[in-house]
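The next block holds one structure in the form of structure tokens; read it before the comments.
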Ligand code: KG4
Ligand code: ZN
């Protein structure tokens, strides 16, 4: 089955073609980072309008590059939520309408299910069950995955997501938007011994996260210590060490508690090298395995939506003709897919 996937939940337009026999045939991405940079964050209305401009040209280029004709496509998957409502509506309207005009089924995909299943596009793919650490700009979650659609949320963030905390801390250190990668680069110049930030919520049981206090810690440290280049790097280092340590501690706990040995990392912060080093060391220590999607599939992309949609369409799930999105939608509400 050849499935077209469309992602438009936030500030990236992604289009991909996934074939259940041949694998990923092609994918393209347009990032709106430049569009939102001057505002220091995503402006929803600008995001929607840009998805309108980019979705069809991207689709045309993916079809051309993969030498696929629209009549070869057997199903369409689009991100139906969670995300920005206007942005979601663009992908859903285009996806649902194309499917109708081509006479093929369509399915609305949960964006986080896309992230959870992104490592399945790699070789070797993880076997079920696994524990997934989802760390993006909008989410920080630990999820037990027993199969496609069989998700149990083990831990969630009570306030800022890890990526959001990176971005906000980067902003107060005077770095551009999105600040995560820039903060990570600055942290490499930092002295790990100069400041020590707390590891939030690690001194009590449970798998939930809270990152908003770290940003305040960074702010007060920069106010009292000044803002010379080395101090900014030292603050970036202390911040990153605290986030990474906290995530590693909670992953250790999640793997121990669930008795699962496979860990999957997904979402934009999964690109962070210090985090990857920390998690590699953890699975070495525990004797498990860790799986990372390639960097371009850590962040938002169409391939993960095409893959997740293909799993659902193959199981006979499909959407009615209405164009519907769900800006708020829990992973635990999803229907399981039985192979
Ligand atoms: O998954 P994603 O593309 O978007 C959401 O669905 O939210 O993740 C984007 C987030 C941003 O907050 C960005 O700053 C962060 O991932 N990020 C990083 C790194 N690369 C991206 N954070 C820390 N270190 C990185 N290397
Ligand atoms: Zn995402």
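Of the residues that sit in region 274-296 and are within 11 Å of ligand 1 (Cβ to nearest atom) and modelled with pLDDT of 95 or more, which one is surrounded by the most Cβ atoms within 10 Å (Cβ to Cβ)? Outline the logic, then answer.
First pass over region 274-296, keeping only residues within 11 Å of ligand 1 (Cβ to nearest atom): 274-276, 293, 295-296.
Filter again for modelled with pLDDT of 95 or more, leaving 274-276.
Details: 274: 17, 275: 24, 276: 15.
Across region 274-296, the extreme among qualifying residues is 275.
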Looking at region 257-283, which of its residues are more than 16 Å from ligand 2 (Cβ to nearest atom) and out of contact with any strand residue (DSSP E or B) (no Cβ under 9 Å at 6 or more places or on another chain)? 259, 273, 274, 277, 278, 281
Residues that are under 16 Å from residue 304 (Cα atoms) and away from ligand 2 (no atom under 16 Å from the Cβ): find the strands (runs of 3 or more DSSP E) completely inside region 52-140 holding 1 or more of those. 75-81, 106-110
Within region 298-311, the count of residues that are at pLDDT 95 or above, within 16 Å of ligand 2 (Cβ to nearest atom) and not in a loop (DSSP other than H, G, I, E, B) comes to 8
Any residue that is modelled with pLDDT of 95 or more and exposed (fewer than 14 other Cβ atoms within 10 Å of the Cβ) - is there at least one of those in region 230-251? yes
For residue 163, indicate whether it is away from ligand 2 (no atom under 16 Å from the Cβ), touching a residue at least 60 places away in the same chain (Cβ under 8 Å) and either crowded, with 22+ Cβ neighbours inside 10 Å or in a strand (DSSP E or B) (or both). no
Against the definition (within 16 Å of ligand 1 (Cβ to nearest atom), without any contact (Cβ under 8 Å) to a residue 24 or more places away in the chain and surrounded by fewer than 17 Cβ atoms within 10 Å (Cβ to Cβ)), how does residue 103 come out, yes or no? no
When you scan region 312-327, how many residues do you find that are modelled with pLDDT of 95 or more and either surrounded by 11 or more Cβ atoms within 10 Å (Cβ to Cβ) or under 21 Å from residue 139 (Cβ atoms) (or both)? 10
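Can you pull out the residues in region 220-234 that are touching a helix residue (DSSP H, G or I) at 6+ places or on another chain (Cβ under 7 Å) and over 25 Å from residue 208 (Cβ atoms)?
Once the filter is applied, which keeps residues that are touching a helix residue (DSSP H, G or I) at 6+ places or on another chain (Cβ under 7 Å) and over 25 Å from residue 208 (Cβ atoms), region 220-234 yields 222, 225, 231, 232, 233.
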Expected single match for within 16 Å of ligand 1 (Cβ to nearest atom), closer than 30 Å to residue 22 by Cα, touching a residue at least 40 places away in the same chain (Cβ under 8 Å) and crowded, with 21+ Cβ neighbours inside 10 Å among 309, 268 is 268
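The values are calculated or read from the model by the stated rules, or taken from the named source; none is laboratory data. Being a predicted model, the structure only gives us computed values, none of them experimental. Cβ atoms come from the backbone with ideal geometry, glycine included; neighbour counts cover every protein chain shown.
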